[in-house]
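For reference, the structure is listed below as structure tokens.
The values are calculated or read from the model by the stated rules, or taken from the named source; none is laboratory data. Everything numeric here is computed off the predicted structure, so don't read it as measured data. Cβ atoms come from the backbone with ideal geometry, glycine included; neighbour counts cover every protein chain shown. Surface accessibility is based on the protein's heavy atoms, side chains included, excluding ligands, DNA and RNA. Shrake-Rupley method; radii C 1.70, N 1.55, O 1.52, S 1.80 Å.
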Amino acid sequence: MLTPLDIENKRFTKTIKGYNVDEVDDFLDQVTLEYEKIYKENAEFKSRFEEQNKELEHYKTVEHTLQSTLLMAQSTAEDIKMMAQKQADQIVAEAKKEAQKMVETVNQDEVEIRRKTEELKKQFEVYKAKMEALLISQLELLQDKDSNSNNE
């Protein structure tokens, strides 16, 4: 690629029927200035293009990192959700077992209380019968004593 310096330093051989040297030099100076301006713009565009490519790569890296982070967060959220569900299921299962134990204990207590109640009723009936027998025997004694005292 030609540089503005190449154009400026270009020399032509002179011939008898050649172009006017001053006109050619003036034109080359003009071309050199225009070419130099375009050359600088091109270099500037290349530099900006490289910077934008670097930025684009940076953003692609950031995007990749964000996607990875998002996937990891989703995976972690799923793991946490599954663990929480397992814990909840375990808590419910333990609560059901505990409730079942409590129901069994209450049922056993009820059976025991009913048994004791029946036993107490029987004891009461026995006591009542004994008291009745005692009272009857006392009454008979009183009647015997009364009848003995009347006979005398």
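Just the number please: accessible area per residue for region 1-62, 1.4 Å probe, all protein chains included, in Å². The partial results should precede the final answer.
Numbers: 5970 Å² over 62 residues.
The answer is 96 Å² per residue.
If you roll a 1.4 angstrom probe over the protein chains with everything in place, what fraction of the accessible area of region 5-152 belongs to carbon and sulfur, to the nearest %? Please report the intermediate quantities before stating the final value.
Numbers: 8260 of 14250 Å².
On region 5-152, the fraction of accessible area on carbon and sulfur atoms equals 58 percent.
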query = What's the local net charge at E50, with K and R +1, D and E -1, over the other residues with C-beta under 14 Å away?
reply = -1
remark   = If the chain between F27 and S68 were fully extended at 0.36 nm per residue, the gain over the current Cα-Cα distance would be 8.7 nm
Segments 3-11, 76-84 sorted - mean Cβ within 10 Å per residue, highest first = 3-11, 76-84
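Summing +1 for each Lys or Arg and -1 for each Asp or Glu, what net charge is found among the other residues whose Cβ lies under 10 Å from the Cβ of P4? Could the numbers behind the result be given before it?
Working: positive: K37, K40; negative: D6, E8, E34, E36.
Taking every Cβ under 10 Å from that of P4, the sum is -2.
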inquiry  = I'd like the FRET efficiency for V92 and T117, computed as 1/(1 + (r/R0)^6) with the beta carbon distance as r and R0 of 41 Å, rounded to 0.05.
reply    = 0.65
request  = Take a quick pass over region 55-152 and tell me how many lysine pairs come in under 18 angstrom between Cα atoms, counting only ones 8 or more apart or on separate chains.
outcome  = 5
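Quick one: in the chain, what % of C-alpha pairs are over 25 Å apart? It would help to have the intermediate numbers written out before the result.
Numbers: 8882 of 11476 pairs.
Result for the distance tail: 77 percent.
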